[in-house]
Amino acid sequence: MKKSLLLIVLGLFAAAQIHAGDVTGTITFKGAAPAEKELTPIKDDPNCAMLYPAGLPKTKFYVVGANGELADVIVSLKGISDKSTGASAAPATLDQKGALYVPQIIAIQTGQKLIVKNSDQLVHNVHTQPTANPESNQVQMGGGPDLTYTFDKPEAFLKFKCDVHPWMFAWVTVVDHPYFAMSDKDGKFTIKNVPAGKYTLEAAHRKLGTQTAEVEVKADGAAQNFTFEVK
């Protein structure tokens with residue numbers, strides 16, 4: 001009897017996996033993107049200014065392609081019962097290069113390791129300013145050992161900053177399940193292996209806000225596009 005029950009459970013699990021599909025889409029920006037500003041405080045730090053002899057870098061709040069492709073949008077399922085697989089997921093990486101965080105936008109799961117590197121020969125301090133997770137502030141020497149972070153609670157756009165170089169910011173979104181993705185430079189995203197069913201899909205941009213759409217995932221997946229514009 002127990003063996004039969006186990007076979008039934010395994011069969012149901014296999015069927016659920018067979019009927020999993022990918023959720024795909026494209027994020028676009030409508031209109032002209034706001035102008036990015038030069039990071040002028042870099043000029044006040046000689047060690048950092050010498051890294052940019054050809055001109056200062058600019059902010060990257062709106063990463064928009066030639067045809068309106070919008071990058072750095074976090075797309076995730078809402079209200080799904082599946083829990084985080086972050087403890088077994090590969091670590092994500094956040095680096096400090098040229099006195100900037102690279103990348104500036106990243107998404108991870110709760111319990112997933114986030115490795116923070118310092119590729120600069122500069123002293124940075126990695127200062128997190130969360131709203132749901134504990135705050136942390138650690139000095140990291142130039143080329144020094146990596147720092148490792150994990151976050152137990154979901155949080156949108158958790159801020160990382162450097163108090164030594166006040167123009168340095170990154171934002172880490174923490175999700176409590178594996179069904180999320182971030183749009184790339186072509187505005188495209190793919191959430192893989194979503195079990196069949198009906199879901200609310202959320203697209204969130206740090207500056208442009210949040211949108212939702214209802215999707216039904218079948219064996220061949222589902223497609224959903226989003227368009228953002230400045231309010």
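Numbers for the structure displayed
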| item | result |
| --- | --- |
| Listed residue (PHE180, MET141, HIS127) projecting farthest to the positive dipole end of segment 2-228, Cβ model | PHE180 |
| Residues in segment 150-181 that a label on GLN211 would reach, taking backbone N under 19 Å of a point 7 Å out along Cα→Cβ | 180-181 |
| Label-to-label distance, nm, for residues given as LYS83 and THR40 (7 Å Cα→Cβ offset) | 5.1 nm |
| Label-point separation in nm, ASP220 to VAL102, each point 7 Å along Cα→Cβ | 4.1 nm |
| Label selected from (1) 75, 33, 26; (2) 61, 34, 33; (3) 74, 43, 27, the criterion being Cα extents along the principal axes in Å as computed here | (3) |
| Euclidean distance of C-alpha centroids, segment 161-231 and segment 39-71, integer Å | 24 Å |
| Relative contact order (%) - criterion: Cα under 8 Å, at least six apart; region: segment 2-228 | 30 percent |
| THR227-SER136 pseudo-label distance in nm [points 7 Å out on the Cα-to-Cβ vector] | 4.2 nm |
| Phi-based couplings in Hz for segment 130-142 (Karplus 6.51, -1.76, 1.60; Gly and Pro marked x) | x, 10, 10, 10, x, 7, 9, 8, 10, 6, 9, 6, x |
| Dipole axis of the chain (+1 Lys, Arg; -1 Asp, Glu on Cβ), positive-most option in MET168, ALA90, ILE105 | ALA90 |
| 22 Å Cα-Cα threshold exceeded, pairs from LYS60/LYS153; LYS185/LYS207; LYS113/LYS185; LYS43/LYS185 | LYS60/LYS153; LYS113/LYS185; LYS43/LYS185 |
| With 5 Å bins from 0: P(r) over segment 53-93, alpha-carbon pairs, percent | 5, 12, 11, 16, 17, 13, 14, 6, 3, 2, 0 |
| Neighbourhood charge, 12 Å Cβ-Cβ cut-off, centred on GLN109 and excluding it, Lys, Arg +1 and Asp, Glu -1 | -1 |
| Along principal axes, Cα extents of segment 102-231, largest first, whole Å | 50, 33, 26 |
| Cut-off 12 Å between beta-carbons: net charge of the residues surrounding MET168, Lys and Arg +1, Asp and Glu -1 | -1 |
| 29 Å Cα-Cα threshold exceeded, pairs from LYS159/LYS188; LYS58/LYS231; LYS159/LYS198; LYS58/LYS188; LYS30/LYS117; LYS188/LYS218 | LYS159/LYS198; LYS30/LYS117 |
| Most mobile of ASN125, ASN67, ASN193 in a GNM of the chain (Cα contacts under 10 Å) | ASN67 |
| Sum of -39500 (n - 2.57) over DSSP H runs of 4+, divided by residues of the chain (222 nm, nearest 500) | -2500 deg cm²/dmol |
| Amide proton proximity set for ALA196, modelled H, under 5 Å, gap of 5+ | ALA20, GLY21 |
| Debye, to nearest 20: dipole size of the chain, +1 on Lys, Arg Cβ, -1 on Asp, Glu Cβ | 380 debye |
| Rounded tilt (10° steps) of 2-18 against the dominant C-alpha axis of the chain | 50 degrees |
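Since every read-out is calculated from the coordinates, none of them should be taken as a lab result. Quantities reported herein were computed from a predicted structural model and do not represent experimental measurements. Cβ sites come from the backbone with ideal geometry, for glycine too, and all protein chains shown count toward neighbours.
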